[in-house]
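Enquirer: Supplied in structure tokens, the structure appears directly below.
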Amino acid sequence: MYLSLNWVKNWLKLPKDISAKQLALDLTMSTVEVEEVIDQAAMLDKIVVGKIKEITKHPNADRLQVCQVDIGETTSKIVCGGSNLTKGMLVAVAQIGSQVRWHGEGELVTLAKAKIRGVESNGMIAASTEIGLGDLFPVKDENEILDLSAHKVKSGQPLSEALGLNDIIIDIDNKSINHRPDLWGQYGLARELAAIYKIKLKEYAVADLTPQSKGKLKVTVTDKKNCFRYLGLAISGVKVIESPLWLKSQLQAVGIRPINNIVDVTNYILYELGQPLHAFDNRQIANNNIEIKQAQKGESFVTLDGEKRKLPEGALMIADSEKYVALAGIMGGQNSEISQDTTDIIIEAANFRDISIRHTSVVLGLRSESSARFEKSLDPVIAETAIKKAAQMILELCPDAVVASQLVDVNNNPFKEVSLQVPEALINNRFGVVIPTADIKDILKRLQFEVSYKAKTFNIKVPSFRATKDISIPEDIVEEVARIYGYDNIQAQLPIVTLQEPRANIAYQAGRDIKRWLALSQLYNEVYTYPFTDQGWVKKMNLDIIQHIKLKNAVSPEQGYLNLSLLPNLLKRAEENMRWYEEFRIFELERVFDKSSKGVYHTEKSKNKFLPKQDKVLAGVEVSKQTQEQLFLSIKGLISSMMSYWGIDWNTERINLSYAKAAYQIKYQENVLGYFGILDSGLFDSGGAKVNVGFWQEDFTLLIKYIGQAPKFRQLPKYPSINRDLAVIVDKDLNWQEIENEVLKVSPLMQHIEPFDIFVGQSIGDDKKSIAFHLEFRSDDRTLLAEDIDKVMENIVEILQKKFQAVRR
Amino acid sequence: MEKKLQDLKKTFMSEMDNVKDSQFLADLKKKYLGRKGELTGILKEVKDMASEEKPRVGKLANEIKEELTEVFNKTEKIIKNKGDQAIDFDPTMPGTKRQTGHLHPSTIVQQEVEDAFVSMGFSVYDGPQLESDYYNFTALNIPEEHPARDSHDTFWLEQNWLLRTHTSNLQVRMLEKHGAPFRGIFPGRCFRYESTDASHDHTFFQLEGLMIDKGINIGNLIATMKSLLSAVFNTDVDVRLRPGFFPFVEPGFEMDIKCLVCEGKGCSVCKQSGWVELMPCGMVHPEVLKAGGVDPNEYSGFAFGLGLTRLVMMKYRIDDIRLLESGDLRFLKQF
């Protein structure tokens, strides 16, 4: 939305000492966000009016001419190729240093002194398109230069001044006025400026209309739910021509392309009051009959941009007695648009339900200046002001035109007057500073609220243009007062509150701890990946994509499903990093989404429907040059340390995973907490490097429920321990765990047993392996003697032989 | 004789003071205490002295001998402990690499911000990323067809679920669960359906804050954020409020921070304005309090949505947001 300072000057006198920049800042601090300040005159800097005194042929070029141009105090020699050059013509001279667009295309360039085919030229005689005035002065022929002879201009005058193109335009962020239907027009913005600067605002005055002839315009509102008000007025005897320059340049200043006088008037009012209007060609309206009703299923309609559109069922339509003539509040129809030979028109000023317009506009993907305003919930009162003003302007622009019907007004305005009782204490308490009562009253009055004050309470009547949605509760009044009073006047003060009991948050603490632990002690690098699962890896891992939650609107098909595991994305990232690193470890802690299980989060207040499970998982990938066995032991060691860090007494069991060479579950009692393993090496593209890939993934949300108590202190040993080593040959597939269990049972003196070497080779037989391990013995009540241990060692060897046919090496 | 002994002691002591190495020390030992040393010589003379003087001088000579021996031993210990000659290593050689892993820069910044809030008595909470329309929009005073939904480009899923567009989805959930008074922050991942470029990503991090208590006002919001941001940026920061519209707060604000690059003088980072837009915030709307089961007549509060990803980019001067989710270790190992 553009604010034109020239435009608002119709109703107020801005303080002289306020620069455009300051005004933009003041608006930003009190009302809306300003994106940019555009100075029209600056765009036309160093462009002046010139009068052609002499034209001679260019010595070296047939199509060029050399002109002597009077630019006020001096005469300039300029080379020009204009097709319409004549002596005495008033033209726009772009001088050295001005900004132009060659042939109206491409980037702006700064003019420099130049020799054109050997003749020096001091600037150029510009075409309208070359100096950004193509909309105001449309060109008929591409070599045509801008002819200003018909205008009251003098040579030497800066062009901006000569044509009144000296507006300051403030570009306002539309997002910041989504909630303010009143600010979608210049008058509403003027009202804000008046409140901010404490200046007088002229009332927006319109005259009543007197019909010259009694046309029969009939308006029937069938859909009262969605059409709050509909005003129609017939005008006959109009002549559709180009608008006068002041109107065209005012529209152009706010970014609207002038079309013809009738359409320009409707656009002018749209931008002045924020009220969309529409003009129909009365010839095309059957029986002077207008009806507002809903579209039926399967219907279509050609809008004035020539597009045939499939209408959503229930779309609000304007019809005559035979056909649809407009898509209400969004766009007119091609069948009834104003054309060059239109003489009789019907003007519409209506008010439609915000939700209805928004819905249709979203479904059709068709946004317009009109729909953008209706969906903000406009004030139905303004429609009447707007149609009167439009008629007045058309009558002024077309001297032969007459009002040809009564002003038909079907008014079902549903908005009630809003009155609020706002305790003075609410304003001051929220603000944190006491604002004098008189100041509060004054601010509200400047914003056109009616205010009275009794028993420390403000009784406030909200003006209709703020009462459609915007202002409805006392807190809204707090904002109105505070923003005009100035947020800068608020005193920063830390809140004084009662201490609260600490709330233990194991998930939060454990998450932080384990991330640090992995990064700082386990050489793991934390990565973040998208929630969208990598489908290439899902396929490679032979996972079922159907079990993943599908997006209705994915940014790309590859990002069409949510993660059910973190591994596909981590493996993808691991593969990518192979370009730079041969060995590395990465991990991530994030949520994954499982539609097959009910989660803990409910969907609404009733708390009886639930979202899918979205537990946090902790997963890692290790790319290593170690052998598969070494890597397996490394990851097993990682899981063990992690579990002992958390105090979880875990166990493991082999499982089959389609993508793993070997995989094992991480279990606590019967609960599966996760799994780990070695990736099938054929799946991973290592770019030729000889690496193995290990992976692990844990259900973090589940796991933290089993985090154990702090370890209990044990007395330090009073007597020394004795260490022995033992090596035995056993069957190759005997699990270490079985040996350990047996050995620990042999004697209460056994403290610890740990394998340190495994050997496999033909010398001991193909189906055998040799395991060497450390043994630690200790007694709590005496110093052990070698003989004590010898006896135990004998027992161990004996037991192992009996149980596993082990042979001592 | 006595004088001779005292002189000997004096010269011994002064020579001992100058001992630098063990060689010199050995020479001194030979010179004074050795078999042919000076003290031994005097002791020999004592033998030949008259008997009435003998016990007195003998005693003194022995005392001096003990004293000198003691001083000598002490010095010897000090000299010996000096060990070998100093070595000059090449300090320009690279040290043996001690490998370490790295936390993600967003994690680092998030933890810093969390710590600052926790020290001010806020608790840290977490919640769903896959969310219902109700908690993401409707409960926050953004009913269906509300134009504010336009600025939330949403990823939609089956059953009308969605990926949360902001961490504000936890406001009503947390009030339902914990009630008032409440002081909490909810950091986490949010999503917007939009195409990515150097400054936009469809996945980003926010940190929502919510404080509900009796008599909370706008000045409290400013002071809290000012203290907190000063802690995060490790310098005294200046903030300002200006109007901003968000349906779940009333009044609503945009909070700007005085440009840390130019200190408010105007530069390319702040587009010459001296201020950088930092976060939306406001006083919690009574409808939101009601949705969370809190009586708006009794309690008021503020809420804010800090853009964590933006903060990370500001802090480390990262110029491409996509690096954060790239998993590229060349990037991640820098933090």
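The values are calculated or read from the model by the stated rules, or taken from the named source; none is laboratory data. Computed from a predicted model, the values in this text were never measured in an experiment. Ideal geometry is used to build each Cβ from the backbone, glycine not excepted, and the neighbour counts take in all protein chains shown.
Enquirer: Quick check on the stretch A:513-522. Is at least one of its residues outside any helix (DSSP H, G or I), modelled with pLDDT under 95 and crowded, with 16+ Cβ neighbours inside 10 Å?
Expert: yes
Enquirer: Looking at (1) farther than 30 Å from A:Q500 by Cα; (2) more than 9 Å from every other protein chain (Cβ to nearest Cβ); (3) part of a loop (DSSP other than H, G, I, E, B), which is the only condition B:R149 fails?
Expert: The failed condition is (3).
Enquirer: Being surrounded by fewer than 24 Cβ atoms within 10 Å (Cβ to Cβ), facing another protein chain (nearest Cβ under 7 Å) and within 30 Å of B:L130 (Cβ to Cβ), is that true of even one residue in the stretch B:217-226?
Expert: No, the stretch B:217-226 contains no residue that is surrounded by fewer than 24 Cβ atoms within 10 Å (Cβ to Cβ), facing another protein chain (nearest Cβ under 7 Å) and within 30 Å of B:L130 (Cβ to Cβ).
Enquirer: On the given criteria, is A:S763 farther than 16 Å from A:R724 by Cβ, out of contact with any helix residue (DSSP H, G or I) (no Cβ under 7 Å at 6 or more places or on another chain) and of a type in the set (S, T, Y)?
Expert: yes
Enquirer: So, one more: So A:T529 fits all but one of (1) exposed (fewer than 15 other Cβ atoms within 10 Å of the Cβ); (2) in the same structural domain as A:N577 (by TED's automatic domain parsing); (3) under 34 Å from the mean Cα position of the chain (by Cα); (4) part of a loop (DSSP other than H, G, I, E, B); what number is the exception?
Expert: Exception for A:T529: condition (1).
Enquirer: Within the stretch A:397-511, considering only helices (runs of 4 or more DSSP H) that don't extend past its boundaries, which have at least 3 residues that are within 30 Å of A:E242 (Cβ to Cβ) and either modelled with pLDDT of 95 or more or of a type in the set (D, E, K, R) (or both)?
Expert: none
Enquirer: Specify which of the listed residues (A:G255, A:G237, A:G156) is assigned by TED's automatic domain parsing to the domain that holds A:S356, of a type outside the set (A, V, I, L, M, F, W, C) and surrounded by 16 or more Cβ atoms within 10 Å (Cβ to Cβ).
Expert: The match here is A:G237.
Enquirer: Out of A:K803, A:K745, A:K791, A:K712, which single residue is part of a loop (DSSP other than H, G, I, E, B) and either farther than 30 Å from A:Q614 by Cα or not charged (D, E, K, R) (or both)?
Expert: Answer to the check: A:K712.
Enquirer: Additional query: Of these, A:Q522, A:Q491, A:Q500, which one is of a type outside the set (S, T, Y), out of contact with any strand residue (DSSP E or B) (no Cβ under 9 Å at 6 or more places or on another chain) and facing chain B (nearest Cβ under 8 Å)? I'd like the intermediate steps shown before the answer.
Expert: On the way: A:Q522 fails: out of contact with any strand residue (DSSP E or B) (no Cβ under 9 Å at 6 or more places or on another chain); A:Q500 fails: out of contact with any strand residue (DSSP E or B) (no Cβ under 9 Å at 6 or more places or on another chain).
Within the list A:Q522, A:Q491, A:Q500, the selection yields A:Q491.
Enquirer: Could I ask something else about it? Quick check on my filter: what residues within the stretch B:312-335 are over 21 Å from A:L570 (Cβ atoms) and surrounded by fewer than 20 Cβ atoms within 10 Å (Cβ to Cβ)?
Expert: B:M314, B:K315, B:Y316, B:R317, B:I318, B:D319, B:D320
Enquirer: State whether one or more residues within the stretch A:748-755 are under 60 Å from the mean Cα position of the chain (by Cα) and within 28 Å of A:Y645 (Cα to Cα).
Expert: Yes, the stretch A:748-755 has at least one match.
Enquirer: Across the stretch A:23-65, which residue is nearest to the chain's Cα centre (by Cα) among those that are among the polar types (S, T, N, Q) and part of a loop (DSSP other than H, G, I, E, B)?
Expert: First, the residues of the stretch A:23-65 that are among the polar types (S, T, N, Q): A:28, A:30-31, A:40, A:56, A:60, A:65.
Among the residues that remain, those that are also part of a loop (DSSP other than H, G, I, E, B) are: A:31, A:60.
Values: A:T31: 21, A:N60: 57 Å.
Once the filter is applied, the top-ranked residue is A:T31.
Enquirer: Just wondering, is there one or more residues in the stretch A:120-129 that are assigned to a strand (DSSP E or B), more than 24 Å from A:N6 (Cα to Cα) and touching a residue at least 60 places away in the same chain (Cβ under 8 Å)?
Expert: Scanning the stretch A:120-129 turns up at least one residue that is assigned to a strand (DSSP E or B), more than 24 Å from A:N6 (Cα to Cα) and touching a residue at least 60 places away in the same chain (Cβ under 8 Å).
Enquirer: Just the residues that are more than 27 Å from A:S368 (Cα to Cα) and part of a helix (DSSP H, G or I), please, taken from the stretch A:1-22.
Expert: A:A20, A:K21, A:Q22
Enquirer: Residues of the stretch A:566-598 being part of a helix (DSSP H, G or I), in contact (Cβ under 8 Å) with a residue 40 or more places away in the chain and more than 9 Å from chain B (Cβ to nearest Cβ), which ones?
Expert: Matches in the stretch A:566-598: A:L567, A:L571, A:E575.
Enquirer: Please determine, by comparing only the residues of the stretch A:334-392 that are among the hydroxyl-bearing types (S, T, Y) and part of a helix (DSSP H, G or I), which one is farthest from A:Q186 (Cα to Cα). Give the derivation first.
Expert: Start the filter on the stretch A:334-392 by keeping residues that are among the hydroxyl-bearing types (S, T, Y), which leaves A:336, A:339, A:342-343, A:356, A:360-361, A:368, A:370-371, A:377, A:385.
Applying the additional criterion that residues be part of a helix (DSSP H, G or I) yields A:336, A:356, A:360-361, A:370-371, A:385.
Working: A:S336: 29, A:S356: 26, A:T360: 27, A:S361: 24, A:S370: 15, A:S371: 18, A:T385: 14 Å.
In this case the residue turns out to be A:S336.
Enquirer: Only one of B:E176, B:E194 is surrounded by fewer than 18 Cβ atoms within 10 Å (Cβ to Cβ), within 9 Å of chain A (Cβ to nearest Cβ), over 23 Å from A:F532 (Cα atoms) and not hydrophobic (A, V, I, L, M, F, W, C); which?
Expert: Values: B:E194 fails: over 23 Å from A:F532 (Cα atoms).
Only one candidate qualifies: B:E176.
Enquirer: Could you list, in sequence order, the residues of the stretch B:242-277 that are touching a residue at least 40 places away in the same chain (Cβ under 8 Å) and either within 14 Å of another protein chain (Cβ to nearest Cβ) or on the phi > 0 side of the Ramachandran plot (or both)? Write out each step before concluding.
Expert: First pass over the stretch B:242-277, keeping only residues touching a residue at least 40 places away in the same chain (Cβ under 8 Å): B:245-249, B:255, B:260.
Once the filter is applied, which keeps residues that are touching a residue at least 40 places away in the same chain (Cβ under 8 Å) and either within 14 Å of another protein chain (Cβ to nearest Cβ) or on the phi > 0 side of the Ramachandran plot (or both), the stretch B:242-277 yields B:F245, B:F246, B:P247, B:F248, B:V249, B:M255.
Enquirer: Of (1) crowded, with 22+ Cβ neighbours inside 10 Å; (2) touching a strand residue (DSSP E or B) at 6+ places or on another chain (Cβ under 7 Å); (3) not aliphatic (A, V, I, L, M), A:N569 satisfies all except one. Which?
Expert: Among (1) crowded, with 22+ Cβ neighbours inside 10 Å; (2) touching a strand residue (DSSP E or B) at 6+ places or on another chain (Cβ under 7 Å); (3) not aliphatic (A, V, I, L, M), A:N569 violates only (2).
Enquirer: Output the number of residues of the stretch A:146-160 satisfying the condition of being part of a loop (DSSP other than H, G, I, E, B), of a type outside the set (A, V, I, L, M) and under 47 Å from the mean Cα position of the chain (by Cα).
Expert: Selection size over the stretch A:146-160: 2.
Enquirer: Quick one: which strands (runs of 3 or more DSSP E) sit completely within the stretch A:646-704 and have at least 2 residues that are assigned by TED's automatic domain parsing to the domain that holds A:K572 and crowded, with 21+ Cβ neighbours inside 10 Å?
Expert: Here the list reads A:660-668, A:671-679, A:692-699.
Enquirer: Somewhere in the stretch A:17-28, is a residue acidic (D, E), closer than 15 Å to A:G123 by Cβ and either crowded, with 17+ Cβ neighbours inside 10 Å or not assigned by TED's automatic domain parsing to the domain that holds A:I269 (or both)? Steps first, answer last, please.
Expert: Within the stretch A:17-28, the subset acidic (D, E) is A:17, A:26.
Subset that is closer than 15 Å to A:G123 by Cβ: none.
There is no residue in the stretch A:17-28 that is acidic (D, E), closer than 15 Å to A:G123 by Cβ and either crowded, with 17+ Cβ neighbours inside 10 Å or not assigned by TED's automatic domain parsing to the domain that holds A:I269 (or both).
Enquirer: Can you tell me which residue in the stretch A:732-765 is farthest from A:L633 (Cα to Cα), limited to those that are surrounded by 12 or more Cβ atoms within 10 Å (Cβ to Cβ) and acidic (D, E)?
Expert: Result: A:E742.
Enquirer: Sticking with this structure for a sec: Please go through the stretch A:612-636 and give me each residue that is free of Cβ contacts under 8 Å to residues at least 60 places away in the same chain and not in a helix (DSSP H, G or I), ordered by number.
Expert: Correct list: A:K613, A:Q614.
Enquirer: Would you be able to tell me the number of residues in the stretch B:152-182 that are within 26 Å of A:I357 (Cβ to Cβ), part of a loop (DSSP other than H, G, I, E, B) and polar (S, T, N, Q)?
Expert: Number satisfying all stated conditions: 2.
Enquirer: Being surrounded by fewer than 16 Cβ atoms within 10 Å (Cβ to Cβ), charged (D, E, K, R), within 10 Å of chain B (Cβ to nearest Cβ) and within 33 Å of the chain's Cα centre (by Cα) is the requirement here; does A:K550 meet it?
Expert: It is true that A:K550 is surrounded by fewer than 16 Cβ atoms within 10 Å (Cβ to Cβ), charged (D, E, K, R), within 10 Å of chain B (Cβ to nearest Cβ) and within 33 Å of the chain's Cα centre (by Cα).
Each row is one residue, and each column tells you yes or no for (1) modelled with pLDDT of 90 or more; (2) more than 30 Å from A:D470 (Cβ to Cβ); (3) among the charged types (D, E, K, R).
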residue: B:I79; (1), (2), (3): no, yes, no
residue: B:A86; (1), (2), (3): no, yes, no
residue: B:S106; (1), (2), (3): yes, yes, no
residue: B:S132; (1), (2), (3): yes, no, no
residue: B:N136; (1), (2), (3): yes, no, no
residue: B:L140; (1), (2), (3): yes, no, no
residue: B:S151; (1), (2), (3): no, no, no
residue: B:H178; (1), (2), (3): yes, yes, no
residue: B:P181; (1), (2), (3): yes, yes, no
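Enquirer: What's the number of the condition B:F304 fails, among (1) in a loop (DSSP other than H, G, I, E, B); (2) modelled with pLDDT of 95 or more; (3) under 29 Å from the mean Cα position of the chain (by Cα)?
Expert: With (1) in a loop (DSSP other than H, G, I, E, B); (2) modelled with pLDDT of 95 or more; (3) under 29 Å from the mean Cα position of the chain (by Cα) applied to B:F304, the lone miss is (1).
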